[in-house]
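Notes for the one structure printed next.
Readers should treat all values here as calculations from the given coordinates under stated rules, not as data from a laboratory. The structure presented is a predicted model; accordingly, all values stated were derived computationally and were not measured. Reconstructed Cβ throughout: ideal geometry from the backbone, glycine too, with neighbour counts over all protein chains shown.
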Ligand SMILES: [Zn+2]
């Protein structure tokens, strides 16, 4: 060992390697809109069974499912109660995503709170319940900062914490494109669909991780926004494999929400989106290069070019 190497080692021991350089990348998986409308391939019963099996197969011990009890009375919500219980029985947790999925921007505070309370009345006391509220559409009031602050105070008064996300790969958009293609009788290349789905989730994670490191100097425990979709049911094991290959560790939702960033309440001119995005905005941190997938228009274009079978297109 050269003296220079010894000196370097001593310096590392003395100064310490920056924790962000050593810290692993951690992320919790969360699924919204439960019970969600049916996808292109599976019945809601099959979808739930597959999501549970996929999480188990992938060794994901605790995902969070954000529930809209209002969906239980829809046709696709049949057995939704049993699906929610099955997620909990498999070790996962459930939380509030409002009763009827309203936009805060277009609701008044009183109506919005009543909708939260209606969901809370259904959820509270159930096994697996956690006191987290996820804003539908990640809409925390937009430009109406008085409304934002009123809801923040009212959530706190109810003992509810913000079930924020730190990364969003627009999985709902890909699910919708798939539904539309299927309804139009197009043939779907499942390998390409899986690639696009996995690419979008990972790209969103890496983007937000870089933004977080630029903003707070470390990689926080991330919360990935996904939905209860057929794409999750079909591609989760592959997605989790790929995440691990890229250095991600899947953690429990509870562990993610124990991160110090959970206390952040960014004050930015437009209350919307990922927590990391708002924190970066608040601190004037320039965002890293925008990945293709972050735009739903670009995702639509990639879907048309890669996922819809060319053979089917030429038949028209
Ligand atoms: Zn939602």
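If you build a Gaussian network model of the chain, linking Cα atoms that sit under 10 Å apart, which residue out of 257, 270, 197 swings the most?
Between 257, 270, 197, it is 270 that shows the largest mean-square fluctuation.
For the chain, what's the relative contact order in percent, using C-alpha pairs closer than 8 Å and at least 6 residues apart? Intermediate results must be reported in sequence, preceding the final value.
Numbers: 515 pairs, mean separation 83.8, N = 316.
So the answer I get is 27 percent.
7 Å from Cα along Cα→Cβ at both residue 57 and residue 88: what's the point-to-point distance in nm?
Placing both labels 7 Å along Cα→Cβ, they lie 2.7 nm apart.
Once label points are set 7 Å from the Cα along Cα→Cβ at both residue 305 and residue 255, what is their separation, rounded to one decimal in nm?
The answer from the label model is 3.8 nm.
For the chain, modelled as a GNM with alpha-carbon contacts under 10 angstrom, which of 191, 178, 166 fluctuates the most?
191
At 7 Å along Cα-to-Cβ for each site, give me the label-to-label distance between residue 143 and residue 210 in nm.
With each label placed 7 Å out from Cα toward Cβ, I get 3.1 nm.
Could you calculate the contour length gain from residue 73 to residue 241, that is, 0.36 nm times the residue separation minus the distance between their Cα atoms, to one decimal place in nm? Show your work: numbers first, answer last.
On the way: separation 168, 0.36 × 168 = 60.48 nm, distance 3.56 nm.
Result: 56.9 nm gained on full extension.
Could I get the Rg over Rh figure for region 187-271? Both from C-alpha atoms, Rh via Kirkwood, rounded to two places.
Values: Rg = 15.0 Å, Rh = 14.7 Å.
Computed over Cα atoms, the ratio is 1.02.
Please give the length that would be gained between residue 156 and residue 114 if that part of the chain were fully extended, namely 0.36 nm times their separation in residues minus their C-alpha to C-alpha distance (nm, one decimal). Let's see the in-between values first.
On the way: separation 42, 0.36 × 42 = 15.12 nm, distance 1.50 nm.
Roughly 13.6 nm would be gained on extension.
When the Kirkwood radius is taken over all Cα pairs of the chain, what Stokes-Einstein diffusion coefficient follows at 20 °C and 1.002 mPa s, in µm²/s?
Numbers: Rh = 20.7 Å.
This corresponds to a translational diffusion coefficient of 103 µm²/s.
Quick check for you: which residues of region 138-178 have the amide N under 14 Å from the point 7 Å beyond the Cα of residue 105 toward its beta carbon?
Output list for this probe position: 138-145, 148.
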